[in-house]
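Student: Below is the structure I would like to discuss, written out as structure tokens.
The values are calculated or read from the model by the stated rules, or taken from the named source; none is laboratory data. Here the structure is a predicted model, which means the values were calculated and not measured. Because the Cβ atoms are built from the backbone with ideal geometry, glycine has one as well, and the counts that use them run over all protein chains shown. Note: areas computed on protein heavy atoms with side chains; ligands, DNA, RNA excluded. Shrake-Rupley method; radii C 1.70, N 1.55, O 1.52, S 1.80 Å.
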Amino acid sequence: EAGVTQFPSHSVIEKGQTVTLRCDPISGHDNLYWYRRVMGKEIKFLLHFVKESKQDESGMPNNRFLAERTGGTYSTLKVQPAELEDSGVYFCASSQAHRDTRDYEQYFGPGTRLTVT
Amino acid sequence: AQKITQTQPGMFVQEKEAVTLDCTYDTSDPSYGLFWYKQPSSGEMIFLIYQGSYDQQNATEGRYSLNFQKARKSANLVISASQLGDSAMYFCAMREAPRNTPLVFGKGTRLSVIA
């Protein structure tokens, strides 16, 4: 079974440009999460989808960030226009409840390292 | 509001020795879950172990065990028989009810295993 994948693995853009990050969750996982780790700080929650609906977007820093999950499969996170403080590693995670597991374990992707110069 | 505290920015351990990584948490929700993740230099986040707030016994997964002390609100990770491949960042995380609530992470502890 394929894990969570993210694209690109690295992105270097200039301030003011637009970048779109993509996350493909594990097939069949209804829950999809975006997290971000800014250098030296803890991993912070950004957004949670349940299927195609935004369940919780309380962690989105501002309206320069737009996340979508059309059809409840893959998700994109667009940053427009990018600012220097947006640099960091963006993680995607997915989860799905099963009756024979103890919890909604979140499986993480490898992350996208975004550098805004 | 829920909060995770990892007070050890970095730790060193001799190969084959055991090491304890500290984690304390704060929540007012009686139902919660505690997680530990490992992040090696390659960057991926690897799930290690989970402890539910109502679990009576401490969780164990191979060389990993979670020392859960509910009254003290601590969930320390114990790695036995350390290996060089254990060198990585370790993150403690928590989520409150319901079960698909997003995780709250600590700042992490960088573990270095010395040969």
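Student: Mind listing the long-range amide H neighbours of B:Ile49? Cut-off is under 5 Å, sequence gap 5 or more, other chains count too, H placed in the peptide plane at 1.01 Å from N.
Tutor: Counting only residues 5 or more places away or on other chains, the set is B:Trp36.
Student: Assigning unit charges at the beta carbon (Lys, Arg +1; Asp, Glu -1) and nothing else, what dipole magnitude in debye, to the nearest 20, does chain A show about its Cα centre? Working shown, then result.
Tutor: Details: 14 positive and 15 negative charges, 42 e Å.
My answer is approximately 200 debye.
Student: Around A:Leu21, what is the net charge, scoring Lys/Arg as +1 and Asp/Glu as -1 over all other residues with Cβ under 13 Å from its Cβ?
Tutor: Taking every other residue near A:Leu21 into account, the sum is +2.
Student: While we're on this one: In the range A:37-76, with Lys and Arg counted as +1 and Asp and Glu as -1 at Cβ, which of these residues, A:Ser75, A:His48, A:Asn62, has the Cα nearest the positive end of the dipole, that is, farthest along it?
Tutor: Of A:Ser75, A:His48, A:Asn62, it is A:Asn62.
Student: On to the next question. Straight-line reach only, C-alpha to C-alpha below 12 angstrom: list the aspartates and glutamates that B:Lys38 could link to, leaving out same-chain residues fewer than 8 apart.
Tutor: Cα-Cα hits under 12 Å: B:Asp86.
Student: Have a look at B:Ser41, B:Ser31, B:Ser53 and tell me which one the Gaussian network model of chain B (Cα, springs below 10 Å) gives the largest fluctuation.
Tutor: Among B:Ser41, B:Ser31, B:Ser53, the largest mean-square fluctuation in the Gaussian network model of chain B belongs to B:Ser41.
Student: Mind listing the phi-derived Karplus ³J(HN,Hα) values for the range B:99-112, rounded to whole Hz, using 6.51, -1.76 and 1.60 with θ = phi - 60°, and x for any glycine or proline?
Tutor: Once rounded to whole Hz, the list reads 5, 9, 5, x, 7, 10, 10, x, 7, x, 10, 8, 9, 10.
Student: Could you name the lysines whose alpha carbon sits less than 19 Å from that of B:Lys70, not counting residues in the same chain fewer than 8 places away?
Tutor: Those lysines meeting the cut-off are B:Lys3.
Student: Can you compute 3J(HN,Hα) from phi for each residue in the range A:35-48, using the Karplus curve 6.51 cos²θ - 1.76 cosθ + 1.60 with θ = phi - 60°, rounded to whole Hz and x for Gly and Pro?
Tutor: Ordered by residue, 3J(HN,Hα) equals 10, 9, 10, 7, 3, x, 10, 6, 6, 10, 6, 10, 7, 10 Hz.
Student: Take the Cα atoms of chain B, build their convex hull, and give its volume per residue in Å³.
Tutor: Taking only Cα atoms, chain B has a hull volume of 97 Å³ per residue.
Student: Counting only pairs 8 or more places apart or on different chains, how many lysine pairs in chain A have C-alpha atoms closer than 23 Å?
Tutor: Pairs that pass both the separation and distance tests number 8.
Student: Could you grab the relative contact order for the range A:5-117? Cα pairs under 8 Å, six or more apart, rounded to a whole percent.
Tutor: 36
Student: To the nearest 20 debye, what is the magnitude of the charge dipole of the protein assembly as shown about its Cα centre, counting +1 on the Cβ of each Lys and Arg and -1 on the Cβ of each Asp and Glu?
Tutor: Details: 25 positive and 25 negative charges, 62 e Å.
So the magnitude is around 300 debye.
Student: Please list A:Lys41, B:Lys70 from largest to smallest accessible area, probe radius 1.4 Å, with all protein chains kept in place.
Tutor: The ranking, largest first, comes out as A:Lys41, B:Lys70.
Student: What list of ³J(HN,Hα) couplings, whole Hz, do you get for the range A:4-16 from phi and the Karplus terms 6.51, -1.76, 1.60, once you set θ to phi - 60° and write x for glycine and proline?
Tutor: 6, 10, 9, 9, x, 7, 9, 8, 10, 9, 8, 3, x
Student: May I pose another question? Note down, for the protein assembly as shown, the three equivalent ellipsoid semi-axes (square root of 5 times each alpha carbon gyration tensor eigenvalue), biggest first, whole angstrom.
Tutor: 29, 21, 16
Student: For the range B:21-87, what is the convex hull volume of the alpha-carbon atoms per residue, in Å³?
Tutor: 94
Student: Set Lys and Arg Cβ to +1 and Asp and Glu Cβ to -1, take the dipole of the protein assembly as shown about its Cα centre, and tell me which of B:Pro98, B:Thr7, B:Gly43 lies farthest positive.
Tutor: Positive-end residue among those listed: B:Thr7.
Student: Still on this structure, please answer the following. Just to compare against my own numbers: the Cα pair-distance distribution for chain A, 10 Å bins, whole % per bin, please.
Tutor: Percent of Cα pairs in each bin: 15, 48, 30, 7, 1.
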